[in-house]
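Q: Submitted below is the structure of interest, expressed as structure tokens.
The values are calculated or read from the model by the stated rules, or taken from the named source; none is laboratory data. Since we're looking at a predicted model, the values are computed, not measured. Reconstructed Cβ throughout: ideal geometry from the backbone, glycine too, with neighbour counts over all protein chains shown.
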Amino acid sequence: MHPLPLNEYSSFIHLYEEFVPPPLTQSNMEEVVNYLLETLLQESGAPTDIEIPNDYIGKRNLVRALLNIREPKSIDEQLLNKMDSLLQIELKEKGIVEVETHTTVSNLYPDNPFSQSDKFILWQGDITRLNSDAIVNAANKQMLGCFEPLHACIDNAIHSAAGPQLREDCEIIMSAQGVLEETGIAKITRAYNLPSRYVLHTVGPIVPRGTILTEKQKNELASCYISCLELANEIKNIKSIAFCAISTGVFGFPKSEAAQIAVNTVNEWISTHPNHFEKIIFNVFSKEDYQVYSSVFQN
């Protein structure tokens, strides 16, 4: 079976409808979290041996953990409104990062060898704060997000900040597709409570520890970037995309080679598709990853 094309699932997830979050109010955050905990623990399938912490941070982490393990299913409207409100307040507290305020790679590294570097931005930080039109999520083959409570992967971070609607949309897509997602393909959903409009989900290659990187794995990683660009290109209001460092976390792809593939692939695609995107952000989380990409641009 071939991967499900955009036109066969976009209407199922109301992709082109704008997500309108609830208006921000002066809600008592602890009361909201207490309500969410009570409601989530009353759902069928919820764990029954949970000890509720006394402090706010512990309770908030428990809400996230319960949503991490929650199977995709219909969501109580009041719970959803409370969750959206909480996530919007947290986003305001974290602060939205404006893509347009950042220096391009062409200005940071004037002698770089990449023809499209005037469109490139290298940024270190939390991708869930970026207001690019789309951000890229490094997903797994199930495409439903990370089910490990409070796991530090980007898949968990994006689903946790977007809200449970994101998992529900992914489940609708995967049910329609009927098979696991192939490596190197991309899907797209709305971003819900993220400052971006859309999330591109792609499954990168796995490089087991101690094995030699193969040409197949290199080509699969390049395919992730191409698939995201081509899918985003089908949606006219996507002008900026933030790429995470696909496959370089628990999937084990060597960071230096991954950065080289990422920049080369995106540069080549943009070169052959002029006037399609205005900004491409290479988002990294650690100082080490920033230095890896800096080396690619300086070489």
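Q: Provide a single number: the residues in region 185-215 that are more than 26 Å from PRO22 (Cβ to Cβ) and among the small types (Gly, Ala, Ser). Step through it out loud before you land on a result.
A: First pass over region 185-215, keeping only residues more than 26 Å from PRO22 (Cβ to Cβ): 185-187, 202-215.
If we keep only those that are among the small types (Gly, Ala, Ser) as well, we get 186, 204, 210.
Adding up the residues that qualify gives 3.
Q: Still on this structure, please answer the following. Condition first: part of a helix (DSSP H, G or I), farther than 19 Å from HIS151 by Cα and in contact (Cβ under 8 Å) with a residue 12 or more places away in the chain. Now tell me which residues in region 45-77 satisfy that. Full working, then the answer.
A: Filtering region 45-77 down to residues part of a helix (DSSP H, G or I) leaves 56-69, 77.
Retained after the next criterion (residues that are farther than 19 Å from HIS151 by Cα): 56, 77.
Selection gives TYR56 alone.
Q: Among LYS216, LYS187, which is outside any loop (DSSP other than H, G, I, E, B) and surrounded by fewer than 21 Cβ atoms within 10 Å (Cβ to Cβ)?
A: On the way: LYS187 fails: surrounded by fewer than 21 Cβ atoms within 10 Å (Cβ to Cβ).
It is LYS216.
Q: Moving on to the next point. Would you confirm whether or not region 33-45 contains a residue that is among the acidic types (Asp, Glu), within 20 Å of the chain's Cα centre (by Cα) and not assigned by TED's automatic domain parsing to the domain that holds ALA191? Reasoning before the result, please.
A: Step one: filter region 33-45 for residues among the acidic types (Asp, Glu), giving 38, 43.
Next, only the ones that are within 20 Å of the chain's Cα centre (by Cα) stay: none.
There is no residue in region 33-45 that is among the acidic types (Asp, Glu), within 20 Å of the chain's Cα centre (by Cα) and not assigned by TED's automatic domain parsing to the domain that holds ALA191.
Q: Kindly indicate which of ASP49, ASP55, ASP84 is modelled with pLDDT under 95, outside the structural domain of ALA259 (by TED's automatic domain parsing) and of a type outside the set (Gly, Ala, Ser). Give the derivation first.
A: Numbers: ASP55 fails: modelled with pLDDT under 95; ASP84 fails: modelled with pLDDT under 95.
Checking each option against the conditions leaves just ASP49.
Q: Check whether at least one residue in region 155-165 is touching a Phe, Trp or Tyr at 6+ places or on another chain (Cβ under 6 Å) and either closer than 30 Å to PRO274 by Cα or in a loop (DSSP other than H, G, I, E, B) (or both), and report yes or no.
A: From region 155-165, those touching a Phe, Trp or Tyr at 6+ places or on another chain (Cβ under 6 Å) are 162-163, 165; that's our starting set.
Applying the additional criterion that residues be either closer than 30 Å to PRO274 by Cα or in a loop (DSSP other than H, G, I, E, B) (or both) yields 163.
Checking region 155-165: at least one residue is touching a Phe, Trp or Tyr at 6+ places or on another chain (Cβ under 6 Å) and either closer than 30 Å to PRO274 by Cα or in a loop (DSSP other than H, G, I, E, B) (or both).
Q: For region 272-299, give me each residue that is of a type in the set (S, T, N, Q), over 13 Å from SER117 (Cβ atoms) and not in a helix (DSSP H, G or I). Write out each step before concluding.
A: Initially, region 272-299 is screened for residues of a type in the set (S, T, N, Q), giving 272, 275, 283, 286, 291, 294-295, 298-299.
Next cut, over 13 Å from SER117 (Cβ atoms) only: 272, 275, 283, 286, 291, 295.
Selection gives ASN275, ASN283, SER286.
Q: Looking at (1) touching a helix residue (DSSP H, G or I) at 6+ places or on another chain (Cβ under 6 Å); (2) within 18 Å of ASN233 (Cα to Cα), which one does ILE270 not meet, given that it meets all the others?
A: (1)
Q: What's the total number of residues in region 22-44 that are free of Cβ contacts under 8 Å to residues at least 24 places away in the same chain and in a loop (DSSP other than H, G, I, E, B)?
A: To start, the set of residues in region 22-44 that are free of Cβ contacts under 8 Å to residues at least 24 places away in the same chain comprises 23, 26, 28, 31, 38, 42, 44.
If we keep only those that are in a loop (DSSP other than H, G, I, E, B) as well, we get 23, 26, 28, 44.
Counting residues in region 22-44 that are free of Cβ contacts under 8 Å to residues at least 24 places away in the same chain and in a loop (DSSP other than H, G, I, E, B) gives 4.
Q: Related question: Which one is surrounded by the most Cβ atoms within 10 Å (Cβ to Cβ), of the residues in region 1-20 that are closer than 15 Å to LEU166 by Cβ and out of contact with any Ser or Thr (no Cβ under 8 Å at 6 or more places or on another chain)? Working first, answer last.
A: Taking region 1-20 first, the residues closer than 15 Å to LEU166 by Cβ are 9, 12-15, 17, 19.
Restricting the remaining residues to those that are out of contact with any Ser or Thr (no Cβ under 8 Å at 6 or more places or on another chain) gives 9, 12, 14, 17, 19.
Working: TYR9: 20, PHE12: 13, HIS14: 13, GLU17: 9, PHE19: 15.
Among them, the one singled out is TYR9.
Q: Taking interchain pairs and intrachain pairs at least six residues apart, which have beta carbon atoms under 6 angstrom, with the first residue in region 285-299 and closer than 20 Å to ARG129 by Cα and the second surrounded by 13 or more Cβ atoms within 10 Å (Cβ to Cβ) and polar (S, T, N, Q)?
A: Listed by first residue and then by second, the contacts come to TYR290/GLN124.
Q: Would you pick out the residues in region 37-93 that are of a type in the set (Lys, Arg) and closer than 20 Å to CYS170 by Cα?
A: To start, the set of residues in region 37-93 that are of a type in the set (Lys, Arg) comprises 59-60, 64, 70, 73, 82, 92.
The answer is ARG64, ARG70, LYS73.
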